[in-house]
Amino acid sequence: MNILFFGPNGSGKGTQGAIVKEKFNIPHIETGVIFRDNISKGTTLGKEAKGYIDRGELVPDSITIPMILDRIKQKDCKEGWLLDGFPRNLTQAEALDKALKQENINLDIVIEIVLDRQIAKNRIMGRRLCVNDNNHPNNIYIDAIKPNGDKCRVCGGELKTRSDDQDEGAIDKRHNIYYDDKTGTVAAINFFKNLSAGSGGVPKIIELDGKPGVKEVAADLLGKLA
Ligand code: AMP
């Protein structure tokens, strides 16, 4: 099963992506993770990518596209792959489509978590970390997991923010790329939707409403994958 997974920062894409990986037992290929691995190992790729990533810009297509096309040709991808974080713009979408056609590889499913930009931003900026346990969910903008006053709703512990969650400029920069329907990620999603509409529903398009909680979105996802 070959799958693309889209969703803005703050939509819970990472959590839902893990569910898909588990269900199909396919490698979860996250572009950002590959870059960060290469940076920490000090590889040539990492050195090339670092400046762009630090500035919150996309790494140039000339680096990213061959890296991903090479990755999905590796042995562990024989039974399928789940691409997350790629394609991030229209050029990458077109390059992926062309490469898959050349290699006779089908794209089966495109999953999109749909979430309003302001809600996505609030989700990131409202996140609070419990000093006792990172897994205690607290978010000042989500009713279901609102902290108890200024304390953790699970254990009453102190709450902290993560500094990158509070960097509004960086969040806006990422969302500018994602929500751009001319050349950005939304344009890439629309490219595959048009492809699907013109090819009898292949790839299958799965849209998920990202507004409900993690469990509800996961149930919707698993229902639509069944
Ligand atoms: P992520 O972990 O997906 O947020 O990615 C972290 C950073 O890696 C991004 O801000 C970009 O600088 C870079 N990156 C990730 N995916 C791509 C992509 N498909 N094209 C270009 N740059 C990317």
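Data table
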| quantity | calculated |
| --- | --- |
| Some residue of the stretch 153-165 being among the basic types (Lys, Arg) and within 16 Å of the ligand (Cβ to nearest atom) | yes |
| Criterion: among the β-branched types (Val, Ile, Thr), in contact (Cβ under 8 Å) with a residue 24 or more places away in the chain and near the ligand (Cβ under 10 Å from one of its atoms) - qualifying residue of Ile105, Ile39, Ile68 | Ile68 |
| Out of Gly56, Gly17, Gly51, sole residue that is of a type in the set (Gly, Ala, Ser) and surrounded by 20 or more Cβ atoms within 10 Å (Cβ to Cβ) | Gly17 |
| Those residues of the stretch 71-85 which are assigned to a helix (DSSP H, G or I), more than 14 Å from the ligand (Cβ to nearest atom) and among the basic types (Lys, Arg), in sequence order | Lys75 |
| Pairs with Cβ under 7 Å, 6+ apart, first in the stretch 152-171 and farther than 15 Å from Asp133 by Cβ, second among the polar types (S, T, N, Q) | Ile171/Asn9 |
| Subset of the stretch 131-183 (residues that are closer than 30 Å to Asn89 by Cα, part of a helix (DSSP H, G or I) and not polar (S, T, N, Q)) | Asp164, Asp165, Glu168, Gly169, Ala170, Ile171, Asp172, Lys173, Arg174, His175, Ile177, Tyr178 |
| Residues located in the stretch 202-226, provided they are part of a helix (DSSP H, G or I) and β-branched (Val, Ile, Thr) | Val214, Val217 |
| Boolean, Glu57 is more than 8 Å from the ligand (Cβ to nearest atom), of a type outside the set (A, V, I, L, M, F, W, C) and either part of a loop (DSSP other than H, G, I, E, B) or within 20 Å of Val110 (Cβ to Cβ) (or both) | no |
| Of all residues making up the stretch 112-128, the number that are charged (D, E, K, R), in contact with a strand residue (DSSP E or B) (Cβ under 9 Å, 6 or more places away or on another chain) and outside any helix (DSSP H, G or I) | 3 |
| Among residues of the stretch 1-16, those that are assigned to a loop (DSSP other than H, G, I, E, B) and either more than 12 Å from the ligand (Cβ to nearest atom) or of a type in the set (S, T, N, Q) (or both), counted | 4 |
| The listed residue being away from the ligand (no atom under 15 Å from the Cβ), in contact (Cβ under 8 Å) with a residue 60 or more places away in the chain, surrounded by 12 or more Cβ atoms within 10 Å (Cβ to Cβ) and of a type outside the set (A, V, I, L, M, F, W, C), out of Arg117, Arg88 | Arg117 |
| Flag for Glu30 being among the acidic types (Asp, Glu) and surrounded by 14 or more Cβ atoms within 10 Å (Cβ to Cβ) | yes |
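Computed from the coordinates by the stated procedures, all read-outs in this text should not be read as laboratory data. From a predicted model like this one, the values you see are computed outputs, not experimental measurements. Please note: Cβ atoms are built from the backbone with ideal geometry, for glycine as well, and neighbour counts cover all protein chains shown.
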